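Everything on this sheet refers to the single structure shown next.
Derivation of every value follows stated rules applied to the coordinates shown; laboratory data play no part. What you see is a predicted model; the values in this text were computed from it and never measured. Backbone-built Cβ (ideal geometry, glycine too); neighbour counts: all protein chains shown.
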Amino acid sequence: MNKYYEKLKNCLDALRQKTDFVPEIGLILGSGLGDFANRIDREAEVSYDELPGFPVSTVPGHEGKFVFGYIENVKVVVMQGRVHYYEGYDIKDVVMPARLMAMMGAKVLFVTNAAGGINKNFNAGDMMLIKDHIMCFFPNPLVGENIDELGTRFPDMSHGYDEELRDIVKKTAAELNIKIQEGVYVQLSGPSFETPAEIKMLGIMGADAVGMSTACEVVAANHAGMKVVGISCISNLAAGISPNPLTHAEVQETADRVAPLFRELVKKSIINIGKTLK
Ligand code: HPA
């Protein structure tokens, strides 16, 4: 068996020793949304360090565990804390959690992140439904021997962010009176923020928001047959658009400020998506 797939199977076995909970939806939380996991009806939790070979985050504020439970009657697994490529992990390890969620049985992956706004109509604090992504400046996590047990060698990415699920989030935002933008997310490696020239280039190429996560996990999730939906919190205007130097503190501050609204949107969207899975 492929060594990497063996590692995934070992993680799944270790996880199954702790819980037999089968989630319908997997949720990956970005900066500022970490405490969402404390608000679900918790059934079980498993620390990443209990899973052999599983990547553990080094970023302050990113806790490391899977939390299993219910949002109303929807079964979810929440990834509290994610690892980033810029921490030095192999790209294959970065996408292990998304793959493991698929192997646990989750049919939908819900991703959230903080991102810099490139689109001139965006403001810090806006939410952006991810319509599509650009990941071609970043290593593809599927490079190497294909894991046939998970998916096909050449997965289609023309519906990487499921249209039906996007519609549900848009309707949910309207019900909650939350304004939501829609746009294309570009993933770069970081950890330095972009230069103004890079942001200008990315804007010309069609990107509306930029960040250091998510797209690679979305590719892995699509490969494994999951439907994906994602929302970015525009935590700052990107370099050159903002007159101020960018800092992680600003990103965190905006994400914290928007968190209550963001949480509400994610929670209600999950409830509404859950209805379509029954
Ligand atoms: N650039 C890259 N990643 C980010 C940004 C940004 O401006 N804001 C939050 N994550």
TODO: Report the net charge of residues surrounding P97, where surrounding means a beta-carbon distance below 12 angstrom and charges are Lys +1, Arg +1, Asp -1, Glu -1.
DONE: +2
Open item on the list: Test of understanding: ordering I40, I180, I273 by Cβ neighbours within 10 Å, fewest first, what list do you get?
Closed with: I180, I40, I273
Open item on the list: Given the -39500 (n - 2.57) contribution per DSSP H run of 4+ residues, what per-residue ellipticity at 222 nm results for the chain, rounded to the nearest 500 deg cm²/dmol?
Closed with: -10000 deg cm²/dmol
Open item on the list: Could you work out how much longer the chain between M1 and H248 gets when fully extended? Use 0.36 nm per residue separation minus the Cα distance between them, nm to one decimal.
Closed with: 84.8 nm
Open item on the list: Compute the helix-to-body angle for 163-175: its Cα long axis versus the longest principal axis of the chain, expressed 0 to 90° and rounded to tens.
Closed with: 60 degrees
Task: Rounded Å value of the spacing that divides the Cα centres of the stretch 137-164 and the stretch 242-278 - done: 26 Å
Open item on the list: Need the full-extension length gain, K120 to D49, defined as separation in residues times 0.36 nm minus the C-alpha distance. One decimal, nm.
Closed with: 21.4 nm
TODO: Could you list the chymotrypsin sites (Phe, Trp or Tyr not before Pro) in the stretch 1-104 that lie in coil according to DSSP, counting only those with at most 11 other Cβ atoms within 10 Å of their Cβ?
DONE: none
